[in-house]
Each structure stands twice: as structure tokens, then as C-alpha cells.
Amino acid sequence: MDHTEVEDGRTDLPNSPLRDEVFLKQLVTCLPMGAMVVNTDARILFVNDSLVDILGYSYDELLNVDINILLPAEFRKKHKDFMRQFFEHPRKRQMGAGQALYARKKDGEHIPIEIGLNPIIQNGQTVVLATLIDLTTRQRASHMFQSSIQGAPHGVLLIDAKGIIRLTNSALCQSFGYTSEELINQSMDMLLPQRYREHHGHLRQTFHQSPTPRMMGVGRDLTALHKDGREFPVEIGLSPFEDEENNELVLVSLLDITKRKRLEQELRETNTNLEEFTYVASHDLRSPLRGIADLLEWVKEDLGPDAIPDVTRNLNRIEVRIERMEQLIDNLLTYARAGKIESNTQEIDVNTLLDNIFELLPIPEGISVTRDIHLEHFTSTWTPLETVIRNLISNAIKHHDQDTGNISIRCVAENNLCHFSVSDDGPGIPEAAFSRIFRLFQTVTSNERSGTGIGLSVSRRLVETHGGRISVEANTTQRGVTFHVWWPRFLRKDTHD
């Protein structure tokens, strides 16, 4: 092109007036953003289609009008002075650097903009080529980004390449005990225990040399430093990105796992105690009982058939108590094993599962069983589910107090669960005992001798271990109660290996 750059930064267009105007119009038309040419009287000489689209005016409505119509009312008074100052010392620059600029559309809406000014000499006169970029989409995206950070349920930090905190959210402030004002523009080292700070700068530089999203310190016991000086366990994720000014930033997601660690420790202690209890029950208790039973047999042999009747009766009572104690130990072991997740999954046919139960569970004459199966197939663990349903059906039969009765079994899909219900028209259960019956060795009444109080506690343990839940409620239209079991019908990583 045959135009030159003059000393003050202005572009000097070719000398022919007609050629000047044609070239300038072509230049404005070809720019990829909104653009216009304005003279020293603040009159608009040319505009391009992009500017027309942004501001909502027609092409003719913008030509030869005062540029003030594009300004919010509060800026118009000072704009004349700004124009005069610019034309006294014209140079290429961004307008309002570091300030929020707005343009007024034809419908009165104010939109955020970015303006570039480029002075041009045309026919010996200085005009300005103003480029305008609508920042509405960018600001909306920035607002959504900041809203997402503020609304995140876990702590979030935005860190620059020097390790300075540029943005944080309320969840992180709550975790560390600081206010946002105390953290912004501070080094993130203040959140690290002293022993980590010496090497953290090198680790940060290494990360910026090869920035990739990753979890920080996988397999390590990472801790952060609370404002009160105490450390707490955390999980940290790093995600690098660049902002609109190409600054290298890192989005740090931080999760305070204090409660989880505490629960994990409590669970480990509980499991350890249960394992120790199981060992004691299976070895230290069973062996002495077997020894007592053997001694009892020897005593019976020594007494012979002529033993005193009262002695024989008492020996038989001891034998019964030994058997009950052995049964108690077996029940305890059954309950302990019920807390282990069964990992062998298979396709469950609900009707086949019920058929298997009734093959081994005799139905008394006069008791009818009805099925209402709406979900016939799903994938899960067979044995634990069969054990739970068998216990519920067996209890309904065993505790029925009349010669005739009905047991209803229903199965439906309910969200991601399979909802089983076993309903009977028996004597029912007092509402006050609804929670108690699921505890170990608990029966409905003190004189109950038909059960050990282990079945429902094992059922609850099996259901909860495999990610479900169990409850009981009184029937409203008939006697009896209904037991509900919600069992997962899809495989999950947290309950299936």
C-alpha cells in the first residue's frame, strides 16, 4: 500500500481525495470488529456493518451525526474535552484503559465495550478510526465463571504464575478461617504449613513448565494451614488456563476432608473391634463351650442309667444352655459376616429368586402368598438379596397369629433402586418398636421365644452394606405391617468392586 506512517503515529493516506475516501471506506468495511471514522467535530463519517449490527442503528442513521448519541448520558458532557485533547496530541491507543466503558444502543441499552483509537490523515486533515468490540459475551462468560467459583461447594483459588491469590470463594474462606479480603493479592504460601514452603516455589515452576490438569500429591497425606495455626487434611486439584490477557493462571480446587478422615478412622476402629470380637467369638468362646459339652457327656457316662432324676434333669438343662450359647455365637458370626460386601454380581430374575425362597420355605396351609412384580430383571448380588427377602417372608409366616392369612410381595423400579415390599395381615408390631426390631438380639416382646432377634439386624446390615435401606410401617387398610427394602438395581463403584 502507498500510505506512510508520520512521526506522531498517524497514518498518512494517499494524496488523491477520491482515492483517500475509497481507501478509507474499504479499510473500515474490511475490519472484523465494529469500526467508524470520526472527524474533529465529533461527526461520524463512515461506519461498517459490524458496528451497525452491534448498536442497532441503520447505516444512514449513523452517518454525519454527533458521536455523543452513542454515549450514555452521564459521559456526554466530558466527551467533548476528551475529543479535543485527543486531536491536540493524536496517537494510537486504547481508550479508557483500566476503566469500564459503555456504548448506548438505539434501544437505550448500555453495553460494555472496548475501544481502540487510530488517528489518520485524510486530505491534510486528521480523523480518527475508532474500533469497537462488544464485550457483552465476554463479560457474561466472566460473570458465569466467577459465579461458578463462588457457588462451588468446595474451596476454589485462582493463582497466578507468581503464586499470588487472585480470586477465591466463600467455601475456601470458611475452610481456612480467613475473609476474602485477607487472601486476595497475598501469596498462597500463607495457606501452607511452614515445612512445605521452602520447596513449593520449585514445584510451582515445574508445574508451569508442563501445565496439565491433575490431582496434587496423590497417595500423600496433604495438609493445609488454618488461620488458627492448626493443620487439616485436604485433597487438591490443579487446572491451568489463560485469561483473556494471556496471563497464565491455575485454578486450584481444594476439599477439606477432615470429616471424611475422622469417619474413616472411626470405621477402621469399628471394623478392627468387630474383627477382634469375631475372633474371640469363634475361638475363645467356642472352644471352652466344646470343652464343657465334652465334660457334660463324661459326667453322664459316669452316672450311668441309674442317675438321680433331678441330677439328670439339671444336666439336660445345662446341655440346652450350651446349645443356646453355641447358637448365639453362630448368630454373632453371621451378623459380622453380613457387613462384608458381596462382589459376585449377576442378572437377577425376581420371580426365580422368589421361587428359590419358597422351595426351602414351607408355606403353612391357610396362608396365601401373592406377587405383584413390575420389575422382573436387574443386575445385583444374588445371595445377600435372597437372604434379606427370605428373612422378611419367614418372619411374616412365623409370627402370624391366625390359621388363615395373606402375604403380599411387591417389586417395582423406583429411580435407581428396586423397591421390594413384604406385607402381611398378622398381629403387627407396636410403632414404638419399629426402630428397636432392627437391633441385634431384639424381639417384639420380652416373652418372645420363637426367634433369636438376629434376622432383622442381619437383614438391615446386608441392605445397608450393599447401598440400600430398609424400614417398616403399619398397614392402614388391614392388620399387620409392611417391610420395605430399597435395593440398588444398577452397579456402582462404591458398592460393587
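Considering the conditions (1) at pLDDT 80 or above; (2) in a helix (DSSP H, G or I); (3) over 20 Å from ARG460 (Cα atoms), ILE357 is excluded by exactly one of them, (3).
ILE318 meets each of the listed conditions (1) in a strand (DSSP E or B); (2) more than 44 Å from the chain's Cα centre (by Cα) apart from (1).
Conditions (1) more than 22 Å from SER459 (Cα to Cα); (2) under 44 Å from the mean Cα position of the chain (by Cα); (3) loosely packed, with under 12 Cβ neighbours inside 10 Å; (4) modelled with pLDDT of 85 or more, marked per residue:
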| site | (1), (2), (3), (4) |
| --- | --- |
| PHE277 | no, yes, no, no |
| SER282 | no, yes, no, no |
| ARG286 | yes, no, no, no |
| ASP294 | yes, no, yes, yes |
| TRP298 | yes, no, yes, yes |
| LEU303 | yes, no, no, yes |
| ILE308 | yes, no, yes, yes |
| ARG313 | yes, no, yes, yes |
| ASP330 | no, yes, no, no |
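Inside region 54-80, residues that are over 18 Å from GLY116 (Cα atoms) and either assigned to a helix (DSSP H, G or I) or modelled with pLDDT under 90 (or both) make up a count of 10. Just one residue in the set LYS92, LYS162 is at pLDDT below 95 and touching a Gly at 6+ places or on another chain (Cβ under 6 Å); that residue is LYS92. Please work out if PHE241 is in contact with a Pro (Cβ under 9 Å, 6 or more places away or on another chain), modelled with pLDDT of 80 or more and either outside any helix (DSSP H, G or I) or exposed (fewer than 11 other Cβ atoms within 10 Å of the Cβ) (or both). Considered against the rule, which asks whether it is in contact with a Pro (Cβ under 9 Å, 6 or more places away or on another chain), modelled with pLDDT of 80 or more and either outside any helix (DSSP H, G or I) or exposed (fewer than 11 other Cβ atoms within 10 Å of the Cβ) (or both), PHE241 comes out as yes. Determine whether ILE121 is under 18 Å from ALA35 (Cβ atoms), modelled with pLDDT under 90 and buried (at least 16 other Cβ atoms within 10 Å of the Cβ). Here the answer is yes, as ILE121 does meet what is asked. Restricting PHE75, PHE145 to residues that are out of contact with any Gly (no Cβ under 6 Å at 6 or more places or on another chain), aromatic (Phe, Trp, Tyr), under 30 Å from SER170 (Cβ atoms) and surrounded by 11 or more Cβ atoms within 10 Å (Cβ to Cβ) narrows the list to PHE145.
Being in a strand (DSSP E or B) and in contact with a helix residue (DSSP H, G or I) (Cβ under 7 Å, 6 or more places away or on another chain) is the filter; apply it to region 244-269 and report the residue that is surrounded by the fewest Cβ atoms within 10 Å (Cβ to Cβ).
Step one: of region 244-269, the residues in a strand (DSSP E or B) are 248-256.
Those left that are additionally in contact with a helix residue (DSSP H, G or I) (Cβ under 7 Å, 6 or more places away or on another chain): 248, 254, 256.
Working: GLU248: 14, LEU254: 22, ASP256: 20.
Among those that are in a strand (DSSP E or B) and in contact with a helix residue (DSSP H, G or I) (Cβ under 7 Å, 6 or more places away or on another chain), it is GLU248.
Pairs are defined by a Cβ separation below 8 Å, a sequence spacing of at least 6 or placement on different chains, a first member in region 467-493 that is over 16 Å from ASP424 (Cβ atoms), and a second member that is assigned to a loop (DSSP other than H, G, I, E, B) and β-branched (Val, Ile, Thr); the pairs so defined are GLY467/THR495; PRO488/THR495. Within region 332-354, the set of residues being modelled with pLDDT under 90, under 36 Å from the mean Cα position of the chain (by Cα) and not hydroxyl-bearing (Ser, Thr, Tyr) comprises ALA336, ARG337, ALA338, GLY339, LYS340, ILE341, GLU342, ASN344, GLN346. Note on region 454-479: residues that are among the hydroxyl-bearing types (Ser, Thr, Tyr) and either more than 24 Å from GLN327 (Cβ to Cβ) or surrounded by fewer than 19 Cβ atoms within 10 Å (Cβ to Cβ) (or both) amount to 4.
Just one of the listed residues (LEU167, LEU172) is assigned by TED's automatic domain parsing to the domain that holds ALA152, surrounded by 13 or more Cβ atoms within 10 Å (Cβ to Cβ), aliphatic (A, V, I, L, M) and in a strand (DSSP E or B), namely LEU167.
Counted as qualifying within region 363-419 are the strands (runs of 3 or more DSSP E) with 1 or more residues that are touching an Asp or Glu at 6+ places or on another chain (Cβ under 7 Å) and free of Cβ contacts under 8 Å to residues at least 60 places away in the same chain, namely 377-381, 405-414.
The values are calculated or read from the model by the stated rules, or taken from the named source; none is laboratory data. Since this is a predicted model, take the numbers as computed values, not measurements. Every residue, glycine as well, gets a Cβ built from its backbone with ideal geometry; the counts of neighbours run over all protein chains shown.
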